[in-house]
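Visitor: So that we are looking at the same thing, I have put the structure below in structure tokens.
The values are calculated or read from the model by the stated rules, or taken from the named source; none is laboratory data. Owing to the predicted nature of the structure, the values given are computational and were not obtained by experimental measurement. Here Cβ is always computed from backbone atoms with ideal geometry, including for glycine, and neighbour counts include all displayed protein chains. We work out accessible area using only protein heavy atoms, side chains counted, and drop any ligands, DNA or RNA first. Shrake-Rupley method; radii C 1.70, N 1.55, O 1.52, S 1.80 Å.
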Amino acid sequence: MVIAIAAIETGSIAQGTVAADAMVKTAEVELLAASPISPGKYWVRHSFQRGVEVAGDTLLDQLLIPALHEGVLPALRGVAAPADHDALGVIETMTAAAAIVAADQAAKAADVVLRDLRLANGLGGKGVLFLSGDVSNVQAAVDAGRAEAARRGLLARAVVIPRLHAQMKALVL
């Protein structure tokens, strides 16, 4: 089954609420989330074009991925299976939408496990992706996700930690 995802981020909670309502009235889709996130943004995942139109000048970021990698939703839900991998990659973006796009690109580029994908709340509106695997695959995945976030002008930082210490493995893998 092919899963598609669309999202918008607005700089206005009020206008984000209007956009979310317009989006679900426009198409028969499942609204996965619609909520205020820090700082003062509103996050909606769903039917895209109508939301972009209604968001207007409050639009901060957007995404439309017609064939989402199967590892992205489990990472969003925080349900990735434990693994004894050698390396950890971290991609930090300036928006939640950019983190989802980076996760999709990273997972499609190399054989890695998307461990966790955290969006906005408690992160100052940012997104952060944790992924694991062997060093060469983690490097390739981080390079792909980093390139996409940088192309969009929304990369905060991306790192690869080879030979992750056992204490860190216990916490994040």
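Visitor: Among the residues in region 105-115, are any of a type in the set (S, T, N, Q) and not in a helix (DSSP H, G or I)?
Guide: no
Residues checked against (1) touching a Phe, Trp or Tyr at 6+ places or on another chain (Cβ under 8 Å); (2) open to solvent by less than 40 Å² (accessible area, probe 1.4 Å); (3) farther than 20 Å from L63 by Cα; (4) modelled with pLDDT under 90:
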position	(1), (2), (3), (4)
G78	no, no, yes, yes
A81	no, no, yes, yes
E92	no, no, no, no
A102	no, yes, no, no
A106	no, yes, no, no
D116	yes, yes, no, no
L129	no, yes, no, no
S136	no, no, yes, no
Q139	no, no, yes, no
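Visitor: Can you find a residue in region 64-74 that is without any contact (Cβ under 8 Å) to a residue 24 or more places away in the chain and surrounded by fewer than 17 Cβ atoms within 10 Å (Cβ to Cβ)?
Guide: Taking region 64-74 as the starting set, the residues that turn out to be without any contact (Cβ under 8 Å) to a residue 24 or more places away in the chain are none.
No.
Visitor: Now for a different question. Whether any residue in region 4-11 is open to solvent by 10 Å² or more (accessible area, probe 1.4 Å) and more than 30 Å from V135 (Cα to Cα) is what I want to check.
Guide: Yes, that holds for at least one residue.
Visitor: For region 80-100, indicate whether the set of residues that are free of Cβ contacts under 8 Å to residues at least 40 places away in the same chain, touching a Leu at 6+ places or on another chain (Cβ under 7 Å) and over 15 Å from G127 (Cβ atoms) is non-empty.
Guide: Yes, region 80-100 has at least one match.
Visitor: Another question, if that's okay. Condition check: small (G, A, S), surrounded by fewer than 18 Cβ atoms within 10 Å (Cβ to Cβ) and modelled with pLDDT under 85. Does G56 satisfy that? Write out each step before concluding.
Guide: On the way: small (G, A, S): yes; surrounded by fewer than 18 Cβ atoms within 10 Å (Cβ to Cβ): yes; modelled with pLDDT under 85: no.
No: the conditions fail for G56.
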